[in-house]
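Below is one structure, written out as structure tokens; comments come after it.
Read-outs throughout are calculated quantities, based only on the coordinates presented, and are distinct from any laboratory measurement. Everything numeric in this text was worked out from a predicted model, so none of it was measured. Here the Cβ positions follow ideal geometry from the backbone for every residue, glycine too, while neighbour counts run over all protein chains shown.
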Amino acid sequence: MSVSFRMLLSVSVALLVMLLVLLRMAGFARRFPSRGGKQLPPVALALPAASAGPARGWGDRFGDGTPDFLRLTDPADQAAFRRWFTRIAEYQAIRPRAEIPAEITDCASLLRFSYREALKRHNDSWFLETGIEIQAPPGEIRAWHYPETPLGAALFRVRPGSFESSDLSNGAFAQFADARTLVERNAYLVSRDVHQAQPGDLLFYRQFGQSSPWHSMIVAEAGSQARVVYHTGPDHGSPGELRRLLLSELLDHPQPQWRPMAQNPNFLGVYRWNILRGNP
């Protein structure tokens, strides 16, 4: 074999090796796209595995029926939820009646709507779909987004008892829950002192003698300008309306049964969503 032929063969082998290396690097780059010049592995959101046990989120450490994988344990997530929940609810009270979602017909439906929408991804499609306008949108919740959980769209606890894995498919959760179910299965008592309420907390009442005795209000703001937002519900053939009211006005309501005071037997107290029960 001549020297020139051996040199040609060596060069060919070297070029082939280089080509294979380049092809391998190109495939790796497609699999792990770069950002800022650094290779990043793909990011995947993994829900807790059923075999992982309570430590991975399938428990119910408070025994209130809410699975731990739904709880917002990060203070930043809790704050984001509170801001979205209150702003969404208040926006319904100030928008033209014709633009209010048809599903909002009473106090419980306002809670369900605002709760569900607060837990969604608030991208351009969400704003377009809901028609909601917020000048300075709050930060996003990072733990999870509705309906991307093992519960899917069935967000509200409707049966008594602590959470069990079988509850994922036995009807323990549903998309609908009335005011009584919301307070008894999806929230917990904080205080009967309304001044302990934080934005996003709920005021619940039981008005004895009414056909629909359970009523709720959303605390939209605390402090010196504390206010609430709520739906009056149907009344004697009227569809009712959404209202925003200063807490000071509510405390001086002409009908004593609506005053959020400890001495009012119709006032059940200040409640907080179970998903905000993130610290032991």
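Fully extending the segment from residue 159 to residue 126, taken as 0.36 nm per residue of separation minus the present Cα-Cα distance, adds 8.8 nm. With the cut-off at under 11 Å, measuring from each backbone N in the range 129-153 to a point 7 Å along the Cα-to-Cβ line of residue 73 picks out no residue.
Ordering 105, 149 by the number of other Cβ atoms within 10 Å of each residue's own Cβ, fewest first, gives 105, 149. Under the combined filter of DSSP loop state and at most 14 neighbouring Cβ atoms within 10 Å, the range 180-256 retains these GluC sites (Glu not before Pro): 241. Per residue, the convex hull around the alpha carbon atoms of the range 224-263 comes to 79 Å³. Residues of the range 211-235 falling in the label zone of residue 262, defined by backbone nitrogen less than 20 Å from a point 7 Å along Cα to beta-carbon, are 223.
So what is the relative contact order of the range 70-276, in percent, for Cα pairs below 8 Å that sit 6 or more residues apart? All intermediate terms of the calculation are to be shown ahead of the outcome.
On the way: 348 pairs, mean separation 49.2, N = 207.
About 24 percent, as a whole number.
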